[in-house]
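Undergrad: Sending over a structure as structure tokens; questions will come in a sec.
Coordinate-derived values only; no laboratory data. Just so we're clear, the structure is a prediction, and the values are computed from it rather than from any experiment. With ideal geometry, Cβ positions are generated from the backbone for all residues, glycine too; neighbour counts draw on all protein chains shown.
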Amino acid sequence: MKFQAVKLRVFAFLLALLLLFPLAACAGKQGKALLTLDAEGVKVTFSVNHYRFLLSRLRGNFVRQGIANSAGSADQAAFWNMQGYFDGSDTLKTWDSYYCEQVLENCKVYLFGLWIFEKNKLSLSDAARSAIEEELNDILTYQADGSKTKLNSILANYGVNYNLLKSFYETEAKVEAAMQFLYGENASLLDATVKDPYLNEHYFRYKRILFPFTEDENVTPTEDQKAQIRTQADNLLAKLQGKTEAEFETVMAEKNEGDEYTDGYYIPKDESAANSTEQASFISTISQKLSTMEVGEVALLELSDGIQILRKYEPTSGAYDLDVNAVWFESFAKNLMAELFQKEYKSMADKFAVDEAVLAEAPKIKETEANYYF
């Protein structure tokens, strides 16, 4: 059986893990250039120091989340030396090698964003610059007691200093500005011909009838109580087979005593979109069940707190714009924009130059310190 790698979407790197270096005006000051994008009269570069910084951020993120494999936890070298099959490949790679490659690829995505920013002569808003200054002031105050010297001694562990950290935050803001230039704020320049296919590809829609094991979450149900609930759910499931949507929803309204989500529940097909390990497990359990079902099918799913009878639906066109669905689509626009942005980047993949000699000298993830705060 192939080793199952932890899944990290590109968007997670783009908007959570990585803060990248912008246009390098002075290569000597910024360190050796690792990446270069030179096209249409616009040239941007990325230094090996910043690549090291991003490796440390990734390791810190893994450790903070408690991610582990059979060799141990991410704060141990053995974790990164573990081999596995990634992205459906038949080639064995170490976790260290695979995630170094992923960070390098995402550096290119950010570099592409900087290229878009410079090419179109965009500028950061006063609000964006103020937000960066406020963030840096908080870091200086709470991480280094207001001392830049102390902060620089901390940041040196990750290959950067105060000024480079500021440039990373500026770069993140520039990439966001580039994405808004292409797609509008919250994807406002994109219409349903783009959004609906993304919705259908990335989300399941369902409605459910609930059978909680207990009405009091602080009370542990007995096995006899659970068995009774299972019998009730099995009996109702049998009666609902072949029923129409309207018939299902009539029973649902009676059993659930109403439901505020009139358009149903939307759940991402990829559990890596979750905000926590617990949420990822919950999403994975439901999405795996829905992935085996046809639209209109009803099925039973037992979770730790009770049983659900699920009915699978086609996503509603424009569901992401309905007020009742706001809770499901908080990240919809930025995830869509990130995916489109990655496709734009791939169209220029042959324009990126990697200095292989510099890359060969760069540290690996297992050789960096875990960065938890920057």
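Undergrad: If contacts are Cα pairs under 8 angstrom and at least 6 residues apart, what is the relative contact order of the chain in percent? Write down the numbers at each step before the final one.
TA: Values: 489 pairs, mean separation 97.2, N = 374.
That works out to 26 percent.
Undergrad: With a ≥ b ≥ c taken as the square roots of the eigenvalues of the C-alpha gyration tensor of the range 211-253, please select rounded if a/c is under 1.5 and otherwise prolate if a/b is larger than b/c or oblate if it is not? Can you show the working numbers first?
TA: Working: a/c = 5.96, a/b = 2.02, b/c = 2.96.
It comes out oblate by the Cα gyration axes.
Undergrad: Shape call for the range 35-103 from the C-alpha gyration tensor, a ≥ b ≥ c root eigenvalues: rounded (a/c under 1.5), prolate (a/b greater than b/c) or oblate?
TA: On the way: a/c = 3.35, a/b = 1.77, b/c = 1.89.
It is oblate, given that a/c is not under 1.5 and a/b is not larger than b/c.
Undergrad: If you don't mind, another one. In whole Å, how far is the Cα centre of the range 203-217 from that of the range 56-91?
TA: After rounding, the separation between the Cα centres reads 34 Å.
Undergrad: For the range 311-334 and the range 175-196, what is the separation of their Cα centres, given in Å?
TA: Taking the Cα centre of each part, the range 311-334 and the range 175-196 sit 17 Å apart.
Undergrad: Which order do the peptides 57-63, 294-300 come out in when sorted by mean C-beta neighbours inside 10 angstrom, highest first? Spell out each step's value before the answer.
TA: Numbers: 57-63: 21.9, 294-300: 14.7.
For the peptides 57-63, 294-300, the packing ranking is 57-63, 294-300.
Undergrad: While we're on this one: With axes computed from alpha carbons, what is the tilt in degrees of helix 192-202 against the longest principal axis of the chain, rounded to the nearest 10 within 0 to 90?
TA: The angle comes out at about 70 degrees.
Undergrad: Placing unit charges on C-beta atoms (Lys and Arg positive, Asp and Glu negative, everything else neutral), compute the dipole magnitude of the chain about its Cα centre in debye, rounded to 20.
TA: On the way: 38 positive and 55 negative charges, 298 e Å.
Dipole magnitude for the chain comes out near 1440 debye.
Undergrad: Please give the charge dipole size of the range 196-329, origin at the Cα centre, charges +1 on K and R Cβ atoms and -1 on D and E Cβ atoms. Round to the nearest 20 debye. Display every interim value, and only then the final one.
TA: Values: 12 positive and 26 negative charges, 91 e Å.
Rounded to the nearest 20 debye, it is 440 debye.
Undergrad: Still on this structure, I have one more. If you only keep lysine pairs separated by 8 or more in sequence, or across chains, how many in the range 196-329 come under 24 Å at the Cα atoms?
TA: 21
Undergrad: Next up: Counting alpha carbon pairs within less than 8 Å and at least 6 residues apart, what relative contact order, in whole percent, applies to the range 196-329? Walk me through the numbers before you get to the answer.
TA: Working: 163 pairs, mean separation 53.0, N = 134.
This gives 40 percent for the range 196-329.
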